[in-house]
Amino acid sequence: MSFGTSLITNIVENLQLNIKNVHIRYEDSTTVPDYPFCFGVTIESLTAQSCDINWIPGGFTSNWAQNDATFKLIELNSLSFYLDSLKFDGDSLIGYESSELSEWMNKLKNKSQSHYIIKPVSAQAKLKRDRSEAPLRTRS
C-alpha cells in the first residue's frame with residue numbers, strides 16, 4: 001500500500017462519532033388551520049467507536065495493519081418520534097429567541113404528555129470488517 005492510502009485508511013479506521021441531546025421539531029399551523037400540530041425526533045445519544053476483538057472500546061487503533069479485521073461499536077440511546085397537537089398558543093415555539101428556545105425544548109423533552117409514534121428505544125450494533133486481502137472463495 002502507498003503511504004497516502006495507508007494514512008487515509010488509518011484516519012477512517014479511527015473516526016469516532018459522539019452526538020448528544022438532539023431534538024428536531026417541526027410545527028405547522030397552516031396546512032390544517034383548525035388543527036395545528038408539531039412533529040419531532042429526539043435522540044439522547046449516538047456513539048460510534050473503534051473496539052478491540054473483545055468489543056471493548058479502546059480509543060484509537062494503531063495496529064490495524066496487523067489485524068485481519070477491524071471492529072466498531074455503535075450505540076443509539078433513546079431515539080423517539082412524536083406527533084402532538086398544538087392546543088394553546090403557549091405550546092408553539094415560534095418567535096422565541098435561541099436562548100429561550102433551548103430552555104423550552106428541555107422542558108418539552110421532560111414533558112410526558114407527548115403522543116409517541118415510536119417511544120424511546122435504544123440499540124447497539126457491532127460491526128466487524130474483514131480486511132483480508134485474500135479473495136473469498138467459498139460462501140462460508
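Read-outs: derived from the displayed coordinates by stated rules, not from any lab. None of these values were measured; they are calculated from a predicted model. No Cβ is skipped: glycine too gets one built from the backbone with ideal geometry, and neighbour counts run over all protein chains shown.
Taking the Cβ of ARG131 as the center, what net charge do the other residues with Cβ under 15 Å away carry, scoring Lys and Arg +1 and Asp and Glu -1? With Lys, Arg at +1 and Asp, Glu at -1, the net is -2.
Fully extending the segment from PHE39 to GLN124 would add 28.1 nm, taking 0.36 nm per residue of separation and subtracting the current Cα-Cα distance. Spin-label model, ILE11 to ARG25: label points 7 Å out along the Cα-to-beta-carbon direction sit 3.8 nm apart. Each Lys or Arg adds one and each Asp or Glu subtracts one; over the other residues with Cβ under 15 Å from the Cβ of TRP55, this totals +2. The amide H of ASP52, built 1.01 Å from its N in the peptide plane, has GLY58 as neighbours under 5 Å, considering only residues 5 or more places off or on other chains.
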